[in-house]
1. Using beta carbons and a limit of 8 Å, which pairs, at least six apart or on different chains, have the first residue in the range 317-336 and touching a residue at least 60 places away in the same chain (Cβ under 8 Å) and under 16 Å from T306 (Cα atoms) and the second one surrounded by fewer than 16 Cβ atoms within 10 Å (Cβ to Cβ) and β-branched (V, I, T)?
2. Answer yes or no as to whether L342 is out of contact with any Cys (no Cβ under 9 Å at 6 or more places or on another chain), modelled with pLDDT of 95 or more and either closer than 20 Å to Q203 by Cβ or not in a loop (DSSP other than H, G, I, E, B) (or both).
3. Please verify whether S136 is among the hydroxyl-bearing types (S, T, Y), closer than 18 Å to V44 by Cβ, outside the structural domain of N421 (by TED's automatic domain parsing) and touching a residue at least 24 places away in the same chain (Cβ under 8 Å), treating the condition exactly as stated.
4. Across the range 146-181, which residue is surrounded by the fewest Cβ atoms within 10 Å (Cβ to Cβ) among those that are among the charged types (D, E, K, R) and without any contact (Cβ under 8 Å) to a residue 40 or more places away in the chain?
5. Scan the range 172-203 residue by residue and report those that are under 30 Å from V44 (Cα atoms), assigned to a loop (DSSP other than H, G, I, E, B) and not charged (D, E, K, R).
6. Hey, among the residues in the range 281-317 that are among the charged types (D, E, K, R) and under 23 Å from the mean Cα position of the chain (by Cα), which one's modelled with the highest pLDDT?
7. Of everything in the range 42-68, what is more than 16 Å from L78 (Cα to Cα) and surrounded by fewer than 18 Cβ atoms within 10 Å (Cβ to Cβ)? Give them in sequence order.
8. Inspect the range 416-435 for any residue being hydrophobic (A, V, I, L, M, F, W, C) and on the phi > 0 side of the Ramachandran plot and give the result as yes or no.
Amino acid sequence: MSFPFMCLAKGATMTTVAEVIIKTLAAAGARRCYGIAGDSLNYVTDAIRQSDIRWLHVRHEEAAGFAAGADAMLTGELALCAGSCGPGSLHFINGLYESHRNRAPVVLIASQLAQAELGFEFPQEVDFKAIYATCSVFCEEIRTPAQARRMTAMAAQAALARRGVAVLVVPSDVASAKAVEEPDFAVHRARPLVRPSDAELDQLAAALAAGKRLAIYGGSGCEAAHDGIVALATKLKAPIAHTSRAKDFLAHDNPYDVGMTGIFGCEAGFHALKSCDTLLLLGCDFAWRQFYPEKATILQVDLDGTHLGRRHPVDIGVVGDVAATVEALLARVALRDDDSFLRECLGKKDGDDHAQEERTTPGKGGGIHPQYLAETISRLAASDAVFTADAGSPMVWCLRHVRSTGSNRTVISLSHGTMANAMPQALGAKAAYPDRQVISLSGDGGLSMMLGDLLTAVQEKLPIKIAVFNNSSLNFVEIEQKVEGLLDAYTNLVNPDFSRVAEAIGFWGRRVETADAVEDAVIAWLNEPGPALLDVVTDRFELVMPPKVEAGQVAGMALYSAKALLGGRGRDVFGLIRHLLS
C-alpha cells in the first residue's frame, strides 16, 4: 500500500501532526509505547524515535495490549500502544479489553487509512470507533491537524481521570501533515478529596453501632487505605475479608484478615460474609451475588456512585474515596468490647491456613503439587516482586499461595478472565520496573498461545522469570467439565519441553519433573540474570476447591467418575482418587 510523499526544500524541516501527538503524550507522562511498526504508522514511529519515549517491539499486538495494561496499572501513569491500519490495530483488542477492565490508563494510537479512501471498502479498512468504543473511556478520530493537540490531550486526560483505555484514531495523511498552531492544551491531574456528607457518615456509624456480628469486605478501592481499615476493624472488632483484587492492599500486616472470599477464596472469608449481621463494603464491586449474605444490613462505600447496590441490594450506599471515608468514620465509631464473632472467624482462618499448608508439600511418589511450586516461588522471591498469573489454575495458586508482603504486587485477569495474559503482562511490568523481580506463573495452554513473544523478552532485554505449570491440559476447563458431570473433552495438550524451546529462543531453561528438584531449580531460576523459564510438570489431577462445596458439585464429580469408568477411562478416575487421598 502506498501513500503520497511530502516534498520539502533541501534542509527544510517541519513539525508533523505525529510529532505533536507524541510530544503531548510525553508531556502527560507517557514513557513507553508497545507495538509493531507498519506503513500507516510510519510518521508516528518516527516521532517516537525522536522522543524520549521507549518503543518496545512486540511480536503480536495482543501482547502489546497486555503489556501496556500491566505497565499502566502498576505505575498509575500513561502507557502507550501503537498499531498500523486494519489488522495491525485490530489485533490489540483482547489485550486492551483486559487493560480496560483492570482500569489501566492506556492510550492506543490506531493508525488509519488516508481519509480519501475511507468508506469505499478499501483493503484493510476497519471502523475502529465502532469496535473500540466498547472497551474504552474515549475513542475519537483526529480529522484535521488543528485538532491534534486538543484531541490527544483529551484522550490522555480521559485515560488518567477515568482509569481506562483511550483510543486515538489517526489517519495516515493526518499523521504526516504539517502541524498548525494550536492553543497549548495540556493534561491536568485532578486529585479531589471525596467523602460522604456528615449526615451520611453519622448514618453509617449508627448502622455499625446497631450490629452484633460485623464484617468488613474490601475491594480494589482499598489500595491506599490499609492502615485506616485496620484501625476501623480494631474499633469494631470486625474480621476483614477481601476480594482477589484487594489481596495486595489488605492481606499483609493485618491481624483481622480472614482471607479472600469468592470461588477462589477460603472458608473463613466465606463464613465472615455469610454469617455476619452487618457488612461494610469498602471499594468493593464483587460480581458473584451468591457470596453476599442473605440476611444482613449492608453498607457500601464506593467512589463510583453507579456501583452502589448494583451487585446486591444495600441498605445504605454512599459515594466516597475509601481512605478519606474511613478516616472520617473512625471518629464516629465507638470501641466495641465483644470480639466473639471476630475470634470465630479467625479460628476458621487458622483452619484454612493449616489445610493450605498440607497441599504446599511435595506430592507422594515424587509428584509435584502446583500449590507446592507456587509456595516455593513465593518463599524464595524478592519481597517486592511483581507476580503475573494466567487465568485458570495458575491464577488460583497465585492468589492462595503467594503471600502478600505489602510491597509485592499481583497482576491477574479477573474481570476479563482471558487466557495467555501472564507472560505479556510480565513484559510490561519489567519494562516499567527494570530493577524489580517480575515472575510469570504461566499455564501451559496460556504460554503456548502467546509463545512468540518470548522473543520480545530477549530482543528488548526484559529478564522476566516464567514458571510453566505444565499439566498437559486446559486444567481449569477440565475441572469445570467434571464438576458438571461431563467427561472432559478437548482439553488435552501435547506439549514440547518448554525449557528447550526457551533455550532455543535465548532464555535460560530447565525442566523439573520431581518434587525433590523443585527448590534448587527455583533458586537457580530466580538467580539467573537474564530471562529464564522453568518448565514444571505438575499434577494434572489437582483440584481447585471452592470455599464451600455444593451438593451439585459432588454429584457432578460422581457422575463424571461413573461415566469415565464405563467409558474405559478408569486410570483417570484412579488418578483423581489418588489425588484426593494424598
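1. Correct list of pairs: V319/V194; G320/V194; D321/V194.
2. Against the criterion (out of contact with any Cys (no Cβ under 9 Å at 6 or more places or on another chain), modelled with pLDDT of 95 or more and either closer than 20 Å to Q203 by Cβ or not in a loop (DSSP other than H, G, I, E, B) (or both)), L342 qualifies.
3. The answer is no for S136.
4. It comes out as E181.
5. S176, A177, A179, V180, P183, F185, A186, V187, H188, A190
6. Ranking the qualifying residues of the range 281-317, first place goes to D302.
7. The first filter runs over the range 42-68 and keeps only residues more than 16 Å from L78 (Cα to Cα), leaving 42-47, 49-50, 57-63.
N42, D46, R49, Q50, H57, R59, listed by residue number.
8. Filtering the range 416-435 down to residues hydrophobic (A, V, I, L, M, F, W, C) leaves 419-420, 422-423, 426-427, 429, 431-432.
Going one step further and asking which of them are on the phi > 0 side of the Ramachandran plot, we end up with 420.
The answer is yes, given that some residue of the range 416-435 is hydrophobic (A, V, I, L, M, F, W, C) and on the phi > 0 side of the Ramachandran plot.
The values are calculated or read from the model by the stated rules, or taken from the named source; none is laboratory data. None of these values were measured; they are calculated from a predicted model. Cβ sites come from the backbone with ideal geometry, for glycine too, and all protein chains shown count toward neighbours.
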